[in-house]
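Trainee: Here it is, the structure in full.
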Number of protein chains: 2
Amino acid sequence: FGRLKAKAADVGKGMKKIGQDDPRIIVHSVKVALALTIVSLFYYFRPLYDGFGPSGMWAVLTVVVIFEFTVGATLSKALNRGLATFLAGSLGIGAEYLASLFGEKGEPIVLGFLVFLLAAASTFTRFFPHIKKKYDYGVLIFILTFSLVAVSGYRVEKIIELAHQRLSTIIIGGATCMIISIFLCPVWAGEELHNLIALNLEKLATFLEGFGGEYFANSEDGKSAALSKDDQSCLVGYRSILNTKATEESLANFAWWEPRHGQFRLRHPWKLYLKVAVLVRQCAYQIETLNGYINSELKGQGTSELETKIEEPCTRMSSESAKALKELASALKTMTHPSAADIHVQNCKTAVDDLKDALEAFTLGKSDLLEILPAVTVA
Amino acid sequence: FGRLKAKAADVGKGMKKIGQDDPRIIVHSVKVALALTIVSLFYYFRPLYDGFGPSGMWAVLTVVVIFEFTVGATLSKALNRGLATFLAGSLGIGAEYLASLFGEKGEPIVLGFLVFLLAAASTFTRFFPHIKKKYDYGVLIFILTFSLVAVSGYRVEKIIELAHQRLSTIIIGGATCMIISIFLCPVWAGEELHNLIALNLEKLATFLEGFGGEYFANSEDGKSAALSKDDQSCLVGYRSILNTKATEESLANFAWWEPRHGQFRLRHPWKLYLKVAVLVRQCAYQIETLNGYINSELKGQGTSELETKIEEPCTRMSSESAKALKELASALKTMTHPSAADIHVQNCKTAVDDLKDALEAFTLGKSDLLEILPAVTVA
């Protein structure tokens, strides 16, 4: 029993931590519950119930399935679902009509054949990259609705009325979700993407800031004792960048569905963010390697003459490029032209030139920085 | 009209390509269609229909929603759905009973309150990392079923019979999917993961094999004209490794659900694969940097004395580690102990020692290789 109590305390702590890390998760939970409760009203109040009957179930189902964390994801699912239901419903009724021409015996065979054909074809299209990216959920609902309509029509006489009822309850469910997710503490995928990229730029800057000092401190002391744990965790902040590709892509995908909000237009060039993200990630790969140098075989080799020679330009280069990156990050945040960054890039280039004569091994991280600039200024 | 024709031809080509790249996609589409057609039989044949009535719809719905590409994913969804439906159904009936104690007026209020509470709590638990990983779909279905049962019970009298019918149709749908996905040309997530890791090791080896020659050829010619396009595309094969993390993790996740198959036990240590994958990816980061050297500022700088000195050990090291990696990949494929690889690692270490006196910049890729070994031998 004592262990159970400890476990419960653990879970409680975990919950508190999640809530504190991102309070929007709590808000989101409440929003989902609210949407669900509103939609269930269709069952509780007789006048509404009489209008829709048991089809009201579909409103509940829709809310549970399409309400996602970001506005973009919710809109994408809602629109996909609505459109796919409409299309598949119409096709299903058509299939029903076609099958009925074959008489009592032929009908189930024709319907079964049609369901088989459409299910196979639609499942195949789900593997098209473009469809998988934007319309995967729509195709799923298309198969679902078509099979249901084609199949249930065989028994239910008033199929058009039923289809109409279902479509309207799905629209009600979808609209409830869209309204609540847009107007009640919205979480915009576009904004998330914007902040994520700016944060990633800052993380790179933090690393470069610390790197110059760290690297040479190590060499001089001959041991890494100078590297406190605290510094280290701050330095490896860039590591998270290595694996944000999937997150960035899905956010950009969802952002595409979002209407104008805040400082973002309807057709904001979200793809450029992905381009910047790719460059940032390439930069992070280089930094992963640089970080390897700090921790690996260079340790304990003492200060060579070469190192003393390159120390000054290296440190300067690293801190200048850190400044340039910070400048870029803040320019991205405020969406202004990063003019101040140009100076730092110039300084950085001078430092690189100084360094080149001594050693080339270092300059790689920089070439990427120069590539980032044009992409950001376009955005 | 001409453009439409061209577009249709494009789509056709795209379809053919997808089918050729992975014929299992076509097989998968046919399997889904087959499962769906079998399940729709419940509607077509009167004796079966009389047993289940309109609840047969849930079998169709289940098949469409849970049939996934790999066996593991299908099993995970099917089991999640079955369990969640059962749990939420029981709880829903309990809530129904509890609410009925509050009389005609109080019932909808109590039910609405319970739905709100459970929906908020369940949505919150979906953000727990552990639950998100394995039971996300189950929680979704839990909310869905609970709301449906709690809400529809208010109108439908024979709620237990209905719940029973729904549960059995869902089980029928789920069982159909599981049987077809396991016994008809199964695609095992575990096997996919196994092959992916082996392929990634091979890609690293291919790069290292070509790298030594490439690097020094470049330096000597002073230009990269020697680098044919064909070689290059073969060298950058490792790039795909940089972004397979998400794929690997979901495959390992699904593999956890799979029963014994082929050479894999029920509790095969899938997590070790992920560990190897992390090391492989770190190695790929280093290689990304090495590759940068080939293409960037070292070009056109002519042959320095230092480079001539390090050429021999570098080339040897790179080809030896390539051999070691190939050995590891084939050992992983056949699941034997990679004894031959030890020799190459030894050779490689000797080469590294030779090199160390001359330059350290290169050795980094190697330290990872040594780390990979123990992890693989454990697997």
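Trainee: Based on what the data block shows, is residue B:177 in contact (Cβ under 8 Å) with a residue 24 or more places away in the chain, not basic (Lys, Arg) and not in a helix (DSSP H, G or I)?
Mentor: Numbers: in contact (Cβ under 8 Å) with a residue 24 or more places away in the chain: yes; not basic (Lys, Arg): yes; not in a helix (DSSP H, G or I): no.
Here the answer is no, as residue B:177 does not meet what is asked.
Trainee: Within the stretch B:253-270, is even one residue aromatic (Phe, Trp, Tyr), assigned to a loop (DSSP other than H, G, I, E, B) and modelled with pLDDT of 75 or more? Give the steps one after another, and end with the answer.
Mentor: At the first step, the residues of the stretch B:253-270 found to be aromatic (Phe, Trp, Tyr) are B:254, B:256-257, B:264, B:270.
Those left that are additionally assigned to a loop (DSSP other than H, G, I, E, B): B:256-257.
Checking which are modelled with pLDDT of 75 or more leaves us with B:256-257.
Yes, the stretch B:253-270 contains a residue that is aromatic (Phe, Trp, Tyr), assigned to a loop (DSSP other than H, G, I, E, B) and modelled with pLDDT of 75 or more.
Trainee: Which one of these does residue B:140 not meet: (1) facing chain A (nearest Cβ under 9 Å); (2) over 23 Å from the mean Cα position of the chain (by Cα); (3) in contact (Cβ under 8 Å) with a residue 12 or more places away in the chain?
Mentor: Among (1) facing chain A (nearest Cβ under 9 Å); (2) over 23 Å from the mean Cα position of the chain (by Cα); (3) in contact (Cβ under 8 Å) with a residue 12 or more places away in the chain, the lone unmet condition for residue B:140 is (2).
Trainee: Taking the stretch A:20-50 on its own, how many of its residues are more than 8 Å from every other protein chain (Cβ to nearest Cβ), modelled with pLDDT under 75 and open to solvent by less than 80 Å² (accessible area, probe 1.4 Å)?
Mentor: 2
Trainee: Scan the stretch A:213-224 and tell me whether some residue there is modelled with pLDDT under 60, over 30 Å from residue A:100 (Cα atoms), open to solvent by 50 Å² or more (accessible area, probe 1.4 Å) and part of a loop (DSSP other than H, G, I, E, B).
Mentor: Checked against the condition, which is being modelled with pLDDT under 60, over 30 Å from residue A:100 (Cα atoms), open to solvent by 50 Å² or more (accessible area, probe 1.4 Å) and part of a loop (DSSP other than H, G, I, E, B), the stretch A:213-224 yields at least one hit.
Trainee: Tell me, which helices (runs of 4 or more DSSP H) lie completely within the stretch A:51-136 with 1 or more residues that are surrounded by fewer than 16 Cβ atoms within 10 Å (Cβ to Cβ), within 12 Å of chain B (Cβ to nearest Cβ) and at pLDDT 85 or above? Please lay out each step first, then the result.
Mentor: Working: elements: A:56-66, A:71-100, A:103-125, A:129-134.
Once the helices (runs of 4 or more DSSP H) in the stretch A:51-136 are filtered for at least 1 residues that are surrounded by fewer than 16 Cβ atoms within 10 Å (Cβ to Cβ), within 12 Å of chain B (Cβ to nearest Cβ) and at pLDDT 85 or above, what remains is A:103-125.
Trainee: Exactly one of (1) of a type in the set (Val, Ile, Thr); (2) open to solvent by 40 Å² or more (accessible area, probe 1.4 Å); (3) outside any helix (DSSP H, G or I) is unmet by residue B:187. Its number?
Mentor: Checking residue B:187 against (1) of a type in the set (Val, Ile, Thr); (2) open to solvent by 40 Å² or more (accessible area, probe 1.4 Å); (3) outside any helix (DSSP H, G or I), the one that fails is (2).
The values are calculated or read from the model by the stated rules, or taken from the named source; none is laboratory data. Keep in mind it's a predicted model, so treat the numbers as computed, not measured. Cβ: placed from backbone, ideal geometry, glycine included. Neighbour counts: every protein chain shown. Please note that ligands, DNA and RNA were not included when accessible areas were found on the heavy atoms of the full protein model with its side chains. Shrake-Rupley method; radii C 1.70, N 1.55, O 1.52, S 1.80 Å.
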